[in-house]
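A short write-up of the structure that comes next.
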Amino acid sequence: MLPDGRKITIETGKLARQADGSVVLRMDDTMLLATVVSNKEGKEGADFLPLSVDYQEKFASMGKIPGGFLRREGKLSDYEVLISRLVDRAIRPLFPSDYHAETQVNIQLISGDSKALPDALAAFAASAALSVTDIPFQGPISEVRVARVEGQYIINPTLEQKEKADLDLIVAASIENILMVEGESKEVSEDDMLEALKLAHDAIKKQCELQLELTRETGKTQKRTYNHENNDEALREELNKLFYDKVYAVAKLQTPNKQKRADLFSEIVDSYLNALPEDSTIDKDLVKRYYHDIQKKASRDLVLNERVRLDGRKTNEIRSIWSEVDYLPSAHGSAIFTRGETQSLSTVTLGTKLDEQLIDGAMFSGSNKFILHYNFPSFSTGEIKPNRGPGRREIGHGNLAYRSLKQVLPSDTENPYTIRVVSDILESNGSSSMATVCAGSLALMDAGVQIKSPVSGIAMGMISDKGRYAILSDILGDEDHLGDMDFKVTGTEKGITGCQMDLKVDGLTYEVLKEALLQAKEGRLHILNEMKKTLAASRGDLKPHAPRAFSMTIDKELIGAVIGPGGKIIQDIQNTSGATVVIEEKDKRGYVSVFATNQASMDMALKRIRAIVAMPEVGQVYDGVVKSIMPFGAFVEFMPGKDGLLHISEIKWERLETMDGVMEVGEEVKVKLVEIDKKTGKFRLSRKVLIPKPPRKEEPAQA
């Protein structure tokens, strides 16, 4: 039961009984079916856990039919991939390191409810499914969302509450330790972040106890036996004696260049393997595996023993930074951000309402006017791989940068543009997602987008052993691999806007976590100051070649007048001016957005629109056109779509007996609006009041 009294139930044995484990988790009307299957034998040649996690939302769960030509669920959406990654990151560390059986976890949303968001329940369901199997999973774990709404922390808020929150985190943990954090916030403090984590962990502990009870009820307390690795302890010991000191000496060289450092480490084991006789029975794959373990231990020991790192930096030292803006002349905004051997080239493109990203999902539908794409080509690490579109890693890294930057964007009323940020990683050696945040922030300011404050990001690491620990700022790729924590924090000078944490070690206390957050703040502000040397605030105007935008509100009744029958008027405005005009109705008002590549085009379109939506004013003079002639006068269009009667008595001061030959259809005439009938709304015009009144003729003298 949650703190607010809502219940979560788990059932097993009813659905998907041929899977190794399956459960249905329910909260309100949200129901998740989680299944897990793991092979008995290890995957041949694998020295890792071949785990796949897929989360999918069935459209029928919300009473919807999918869009598109096929009208069926296809490949996972980015949103589903992100939830799959959350589950994967939470459960993967709790499988034994020597368990190499192919394992698949599937979580399906089979019933949806906006009051019980499923993304914060998926890892709970996956762990529960594992808890009713004999798979050697060292759980249980669970997951909750914690949001702060109007100063109050809420566990697993509704969608309405979530949208009002200034802090939104998804936290995964076991009974003892926090394992994974992902979220965003509106410039909150480190203390606020810690308070949210503590409340989330308290709720998770109860959910883990429920799973332990479920395991006892199903009798799945004994785990399967397995042997997925061949080991030679004598060889391990021999290699440790032979290599450790040599590897430690190479680590102690403190080589800044990643490739040179890798070559120095490789030379040690390559020399050994090349010296083996051809008839040697030593398993070379085992040698490489054990050597990897030795290299990892020596590198960790260097940090713990001597408080220096592989590239020679101190634990809290940031690599050298340089940045540049306006690098690409044709982009609407661009920036290069380079930190050590990590580099992002980011661009900003400003588009119209028509460029918004359409979202068609089971739980969420609508549009998105801020888009961020992250690309990680293989050449950035000196490798050769085919380019096959973004993978899950790219989607996850891009989402972290997206969540971090969206907090500082101007509101929709202040920003009429659709904004697309693209980060292309050109070099990578640690935390390219944080480079994306920094480069994206600079590119937005270069484009003239009036962000509230610049945002920077930093990746933190930790190495710990038997009570000793070292927190590392701005980690290398090697340190990410050999360390116990990967903690990314983004924010402005005022506070945190985004975070992502993965832990690979037990026993991280809140005191150590707070120390990591404060050290991250110190590093983040240093990076921010380096960025400000290049560009400290948004430019005052857009680039000359960027599209101009103007927004205005009109009465709902006037929307049809601007669009015209069959869209005739709005199409003519766009064709003659070259501008793009978008009209939508919201909150019983009409919203008109005009986008143009130059000011002349903008002015032409606005003049036409203002003429249509302008309200007639008594006493104003208008340039009209005669539309029809009647015996009693003429009907004159004095504003687009608005005709008034110019009575025969209002054409001239002289009395006219007939309209014959007085005016012609199509003739331009200047008129003044003299009256609007309050009952009928009809307009009465006058021409004669704009003409000087002729003097009266003198009366003849009397005899």
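None of the figures in this text is laboratory data; all of them are computed from the coordinates on show. Computed from a predicted structure; not experimentally measured. Virtual Cβ from ideal backbone geometry, glycine too; neighbours counted across all protein chains shown.
Sort 632, 337 so the one with the fewest other Cβ atoms within 10 Å of its own Cβ comes first.
Working: 632 10, 337 30.
Ranking 632, 337 by Cβ neighbours within 10 Å, fewest first, gives 632, 337.
In debye to the nearest 20, how big a dipole does segment 8-218 give about its Cα centre with +1 on each Lys and Arg Cβ and -1 on each Asp and Glu Cβ? Let's see the in-between values first.
Working: 23 positive and 36 negative charges, 156 e Å.
I would put it at about 760 debye.
In whole Å, what are the Cα extents of segment 321-532 along the three principal axes, biggest one first?
Here the Cα extents, ordered largest to smallest, are 58, 41, 41 Å.
Cα gyration tensor of segment 8-218, axes a ≥ b ≥ c as square roots of the eigenvalues: rounded (a/c below 1.5), prolate (a/b > b/c) or oblate?
oblate
Report, in debye and to the nearest 20, how large the dipole of segment 321-532 comes out about its Cα centre when Lys and Arg carry +1 and Asp and Glu carry -1 on their Cβ.
Working: 20 positive and 27 negative charges, 91 e Å.
With only Lys, Arg, Asp and Glu charged at Cβ, the dipole is about 440 debye.
Would you mind ranking 176, 102, 143, 657 by Cβ crowding within 10 Å, fewest neighbours first? Present the calculation step by step, with values, prior to reporting the outcome.
Numbers: 176 12, 102 15, 143 29, 657 6.
Ordered from fewest to most neighbouring Cβ atoms within 10 Å, 176, 102, 143, 657 come out as 657, 176, 102, 143.
What does the convex hull of the Cα atoms come to per residue for segment 548-613, in Å³? Working shown, then result.
Numbers: hull volume 4.4 nm³, N = 66.
Taking only Cα atoms, segment 548-613 has a hull volume of 66 Å³ per residue.
Placing one identical point scatterer on every Cα of segment 288-338 and ignoring solvent, what is log10 I(q)/I(0) from the Debye formula at q = 0.18, 0.30, 0.31, 0.32 Å⁻¹?
Debye intensities relative to I(0), on a log10 scale: -0.69, -1.04, -1.06, -1.09.
For segment 1-107, what log10 I(q)/I(0) values come out of the Debye formula at q = 0.23 1/Å, with one point per alpha carbon and no solvent?
So the normalised log intensities are -1.32.
Along the charge dipole of the chain, which of 70, 594, 124 sits closest to the positive end, that is, farthest toward it, with unit charges on the beta carbon of Lys, Arg, Asp and Glu (+1, +1, -1, -1)?
Highest projection toward the positive end goes to 594.
In nm², what is the average projected area of the convex hull enclosing the Cα atoms of the chain? Walk me through the intermediate numbers first.
On the way: hull surface 176.3 nm².
So the mean shadow area of the Cα hull is 44.1 nm².
How many lysine pairs are close in segment 266-387, with Cα atoms under 23 Å apart and the two 8 or more places apart or on different chains?
Details: 284/296; 284/297; 288/296; 288/297; 296/314; 297/314; 353/369.
Eligible lysine pairs with Cα atoms under 23 Å apart amount to 7.
For segment 554-703, report the convex hull volume of the alpha-carbon atoms normalised per residue, in Å³, without decimals. Present the calculation step by step, with values, prior to reporting the outcome.
On the way: hull volume 24.2 nm³, N = 150.
Residue-normalised Cα hull volume stands at 161 Å³.
Run the count for segment 46-189, please: Lys pairs, Cα-Cα under 13 angstrom, 8 or more apart or on different chains.
On the way: 58/75; 115/162; 162/186; 164/186.
Number of lysine pairs found: 4.
How do 524, 655, 236, 85 line up, fewest other C-beta atoms within 10 Å first? The partial results should precede the final answer.
Numbers: 524 27, 655 7, 236 16, 85 19.
Going from sparsest to densest Cβ surroundings: 655, 236, 85, 524.
For segment 8-218, build the charge dipole from Cβ charges (+1 Lys, Arg; -1 Asp, Glu) around the Cα centre, then report which of 144, 211, 23 sits farthest towards its positive end.
The residue sitting most towards the positive pole is 23.
Which value in nm describes the separation of the simple spin-label points at residue 481 and residue 65, placed 7 Å from the Cα toward the beta carbon?
5.1
What is the sum of charges around residue 56, taking Lys and Arg as +1, Asp and Glu as -1, for the other residues whose C-beta is under 15 Å from the C-beta of residue 56? Don't skip to the answer; put the middle values down first.
Working: positive: 58, 64, 72, 75, 85, 392; negative: 54, 57, 73, 78, 80, 88, 119, 360.
Neighbourhood net charge equals -2.
Just to be sure I understand: of the beta bridges DSSP finds with both ends in the chain, what percent are antiparallel, rounded to 5?
Numbers: 126 of 141 bridges.
Restricted to the chain, the bridges split so that about 90 percent are antiparallel.
Over segment 235-306, one equal point on each Cα, no solvent: what is log10 I(q)/I(0) by the Debye formula at q = 0.17 Å⁻¹?
For segment 235-306, the Cα-only Debye profile gives -0.63.
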